[in-house]
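The values are calculated or read from the model by the stated rules, or taken from the named source; none is laboratory data. Note that the structure is a prediction, hence the values are computed from the model and not measured. When we count neighbours, we look across all protein chains shown, and the Cβ atoms used for this are built from the backbone with ideal geometry, even at glycine. Side chains are part of the model used for accessible areas, which takes the heavy atoms of the whole protein and leaves out ligands, DNA and RNA. Shrake-Rupley method; radii C 1.70, N 1.55, O 1.52, S 1.80 Å.
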Amino acid sequence: MKNQEHREIILKGIGGSPGICIGKAYLVEKEGVDVVKQYWVTGESLSAEVNRFKTAVKKAMEALRRIIEETPEELRQHTQILETHMLLLKDKMIYDKTVDLIEKERVNAEWALKKVVSVVKPMFESMSDDYLRQRADDITHVADRIMENLTGADQVDIARIDKRVIIVARDLSPAETSQIQLERIKGFVTNRGGRASHTGIIARTLEIPAVLGVGNATLNIKNDDIIVVDGEVGTVIVNPTEQTLVAVEEHILRYEHQKASMVRKSHLPAQTKDAVLFSVMGNIELPEEVVSVLDHGGEGIGLYRTEFQYLSRSNFPNEEMLFENYKDVIDVMGDRPVTIRTLDINGDKVVNYIRDDHELNPALGLRAIRYCLKKPDVFKAQLRAILRSAVSGDVRLLIPMISGIDEVDQTIQLLNEAAQSLKEQKIPYKRDIPLGIMIEVPSAVMTADLLAEKVDFFSIGTNDLIQYTLAIDRGNRHVAHLYQPLHPAILRMIKQTCDAAHKNGIKTYICGEMAGEPLYAPILLGLGVDELSMNPQSIPLVKEAIRSIDTVKLAELMESVMRLTTPQEIEALVKKKFEESMNNKQES
Ligand code: PEP
Ligand code: MG
């Protein structure tokens, strides 16, 4: 019998990046930081203790500065958050309070820092806003860094990892991730973090399997343990039995085979059985994801979420930085369309240098276009950068969170002003580009007929449209079961939007997560959607699903679907039809 130490255990987390791998665990848990002893500091040693703290902060600053300077140009995007960490190191809430505490309570620096963090961190953790909540992790990164310098704890030098291993960590800060030679890494497992975390974004971009938010991975996994990371379902198997290993290896072979055959076919057009051609595009957050869109057969960028360039910085990026960034994407895409969405901040993506009033209900607050119209300077800098970049390719401009005609009129006005200023400065630009709006607020659906007269295309953001229509917070796990894309209300809204668009001779696209679900492809095409955009990995699957559709039969399917009354019934019917059409496809 296997001893207790090597018993197979399964840990559950969040699937952060798809794929499965087997390998040896490499723990980057830092020992000695969690256990902090308290001791008293006498009068004459007090200033020495404060200096010891200040020196630890200074060392942490220098280390961060070095990492930023040594980061290769192509990964610079990921170092912006380090600048935030540098600011946090000197933040009054941490720095001044720790110095105060050392002096007032005459305690050692480690104890004072720990006490300050134990007050500040929960403040962030209890914030309703996702982005601010995630800043609690940044406080931990920063405090850990100071603490390591204070305690002299052994630091695992992750820059020197030279084996093909799976990294297991409490969390990986962007600073750490940018030091790792990622080509050596088979997978990631972290105690903390979710899909929106930095590690998740990087892992997905580089297609490295990752399971995040496991909670206790570093307690249950030891260095050199054999582990299986399944980023698809979000599980980690520690010390797998022979039997499990055989099953996993078979699974990997099947997965690789499926992926290879999908990717081989991903460059085939998304043409239905009756020869109707659809465009399938990719969504990106960072310019480097463009390559992944092309590799997966994407025919353009249907959604470039530009806000990531504004997050994790200490101030607004300037026009030149934005222009360079858009041009990078456009240059790679050549003459394929690139849909640049203007800034969608606040709501769930908060920029930490905007210190406006705290909003109780950020999802219903000064988000996206509402923020931009309040800050015309910020908005115009972005519009100018987009108009300038449009000279180099096929650029579409997309405005998020439109809730009525007024916002479109004001946007057009600012767009004209941006173009006029470029003209006066004799800077090359292109004003004549398609202007589209995101349909993600119910009022936009209800006035789609009016909006369609003003713009060149609609792009339905189902992530928010579902949130605002069904009154379901998209990030709240307690109501996740009610987040139903096939709710009759949502299907009717999509139909109403498509009908209004077509009556006015414009097209409707979908760029919410719903577009990336192959099962939904027949319904979306049946409702009249003209183009789909999704995360790069879903592109081959959705293209394959489209190739199994016969549009002549869609009207009949939609008649049945629209008669059904619950999402469950609709899903059952769609699944049945999908399986039938995939089977027919294999036979033919
Ligand atoms: C959406 O709401 O569906 C969408 C694509 O925008 P985001 O997810 O960035 O809010
Ligand atoms: Mg949205």
Point to revise | Ordering of 567-577, 536-546, 240-250 by packing [mean C-beta count within 10 Å, highest first] | key: 536-546, 567-577, 240-250
Review point. For the chain, list the DSSP H helices whose alpha carbon atoms reach 27 Å or more along the long axis and whose average Kyte-Doolittle value is -1.0 or above?
Key: 46-70, 130-151, 242-265, 405-424
Practice item. Compute the convex hull volume of the Cα atoms of segment 43-151, divide it by the residue count, and report the result per residue in Å³ as a whole number. Key: 85
Review point. Around VAL107, which amide H atoms from residues at least 5 apart in sequence, or from another chain, sit under 5 Å from its own amide H, with H modelled in the peptide plane?
Key: VAL41
Practice item. Sort the following peptides by mean Cβ neighbour count (other Cβ atoms within 10 Å, averaged over residues), highest first: 53-60, 521-528, 325-332. Key: 521-528, 325-332, 53-60
Study note, to complete from the structure: Whole-percent carbon and sulfur contribution to the accessible surface of the chain (1.4 Å, no ligands, DNA or RNA) stands at 52
Revision key, fill the gap. Segment 217-239 and segment 558-587 have their Cα centres apart by a whole-number Å value of 37
Study note, to complete from the structure: Per the Kirkwood formula over distinct C-alpha pairs, the hydrodynamic radius of the chain in angstrom is 26.0
Exercise for review: Can you tell me the relative contact order of the chain? Whole percent, Cα pairs under 8 Å, sequence separation 6 or more.
Suggested key: 14
Check your understanding: To the nearest 10 Å², what's GLU324's accessible area with a 1.4 Å probe?
Key -> 90
Exercise for review: Could you state the accessible area per residue of segment 356-491 in Å², with a 1.4 Å probe and every protein chain left in place?
Suggested key: 43
Revision key, fill the gap. Rounded to the nearest 5, the percent of DSSP beta bridges in the chain running antiparallel is 35
Revision key, fill the gap. Output ordering of 419-425, 265-271 (per-residue mean of other Cβ within 10 Å, highest first) is 265-271, 419-425
Study note, to complete from the structure: As a percent rounded to 5, the proportion of antiparallel DSSP bridges among beta bridges in segment 265-587 is 10
Check your understanding: For the chain, what is the mean residue ellipticity at 222 nm derived from helices alone (per DSSP H run of n ≥ 4: -39500 (n - 2.57); sum divided by total residues; nearest 500 deg cm²/dmol)?
Key -> -14500 deg cm²/dmol
Study note, to complete from the structure: The long-range amide H neighbours of MET281, using H built 1.01 Å from N in the peptide plane and a cut-off of under 5 Å, are GLU299, LEU532, SER533, MET534
